Amino acid sequence: MHTLLKSTYPHPAEPPCPCASASDRLGMVIAHEVNQPLAAIALHTAAARKWLCRAEPDIERALESLALIGAAGRQAGGIVRGMQRQAARQPLETADVPVDAAVQDALQTLCWPMRKNGIAVDAFFGLGDCSITANRVQLQQVVSNLLVNAVEALVAGGRERPLRIRVETRRHGGEVEIAVADNGPGIAPARHAQVVASLADSVDNPGSNSDNKGSGLGLAISASIVRAHGGRLWFEPGAPSGVCFRLRLPVRARAATTGRSFMKAFTT
């Protein structure tokens, strides 16, 4: 369960399993993914109220919070519409997506929980106006899942060091790469196999190898989205601490021609 979000929007208690119905698994995925933008709406609403209730209201910051509420609402609606299309086996909707702009939007939506927990973000955007063929809502879902996992790892790891997240985009041959790293405690050896299983579960056998709840379900969903776009998602130890998740996507994603649905892994 996402500790940053659970106080506002509870998650279902049990992970999806192969014996669950397609509608049960679809409901589990929607609940997990929509939880993030809904929680963001609650957080930014609290922030807007804070700025407006000061002795001298900060109108500019309040308006910024209201803009983020609108963006989170649109993200939630886009997630639901996209999953409805995929559950109905309709083709994946893709367009030319400027990667740097999409990553910046995901960062902006989650700026308040990072600020609230004293987490600094180092962002390095190296793609300029480079676009890929993708579904923008799903791309932002992946980045948001990785960012939320990083925030949770930092908060759970204590404050022995300044908390930092590094986000970087760059071109790698015919692909683009997005990296999200934190300087937290890293993945414990006891959980290493579980995280690997979460990434593998996304296509072949959802729910049987990993816990597939909280960060496990988020990683499985993210890996499914990345694979549906013809890419891959993996992790490696951070330097000198923490963990770094990297994803690479082709500039001309195969999903644009195959119409492959990431929900197939969860609903078949």
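The values are calculated or read from the model by the stated rules, or taken from the named source; none is laboratory data. Source: prediction; values computed, not measured. Because the Cβ atoms are built from the backbone with ideal geometry, glycine has one as well, and the counts that use them run over all protein chains shown.
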Residue within the stretch 181-189 that is of a type in the set (S, T, N, Q) and under 15 Å from the mean Cα position of the chain (by Cα) present: no
Scope the stretch 156-187; condition among the aliphatic types (A, V, I, L, M) and in contact with a Gly (Cβ under 8 Å, 6 or more places away or on another chain); matching residues: ALA156, LEU163, ALA181
Residues within the stretch 167-180 that are charged (D, E, K, R) and in contact (Cβ under 8 Å) with a residue 60 or more places away in the chain, tallied: 2
The listed residue being touching a Ser or Thr at 6+ places or on another chain (Cβ under 7 Å) and either modelled with pLDDT under 85 or closer than 25 Å to ALA223 by Cβ (or both), out of LEU38, LEU26: LEU26
Set LEU139, LEU146, LEU107, LEU127: member being in contact with a helix residue (DSSP H, G or I) (Cβ under 8 Å, 6 or more places away or on another chain) and more than 25 Å from SER198 (Cα to Cα): LEU127
Strands (runs of 3 or more DSSP E) wholly inside the stretch 74-141 that include at least 1 residues being over 15 Å from the mean Cα position of the chain (by Cα), under 24 Å from VAL251 (Cα atoms) and of a type in the set (Phe, Trp, Tyr): 120-125
All positions within the stretch 149-193 that are assigned to a loop (DSSP other than H, G, I, E, B) and modelled with pLDDT of 85 or more: PRO162, LEU163, GLY173, GLY174, ASN183, GLY184
Tally of residues being touching a Cys at 6+ places or on another chain (Cβ under 9 Å) and at pLDDT 85 or above across the stretch 228-268: 3
Number of positions in the stretch 46-66 that are modelled with pLDDT of 85 or more and either within 21 Å of the chain's Cα centre (by Cα) or among the basic types (Lys, Arg) (or both): 3
Test for GLY73: is it exposed (fewer than 14 other Cβ atoms within 10 Å of the Cβ) and modelled with pLDDT under 85: no
Close pairs from the stretch 113-124: first farther than 17 Å from GLU160 by Cα, partner of a type in the set (Lys, Arg), Cβ under 9 Å, at least 6 apart: VAL121/ARG164; VAL121/ARG166; ASP122/ARG164; ASP122/ARG166; ALA123/ARG166; PHE124/ARG166; PHE124/ARG170
LEU219 vs. criteria of a type in the set (A, V, I, L, M, F, W, C) and modelled with pLDDT under 75: no
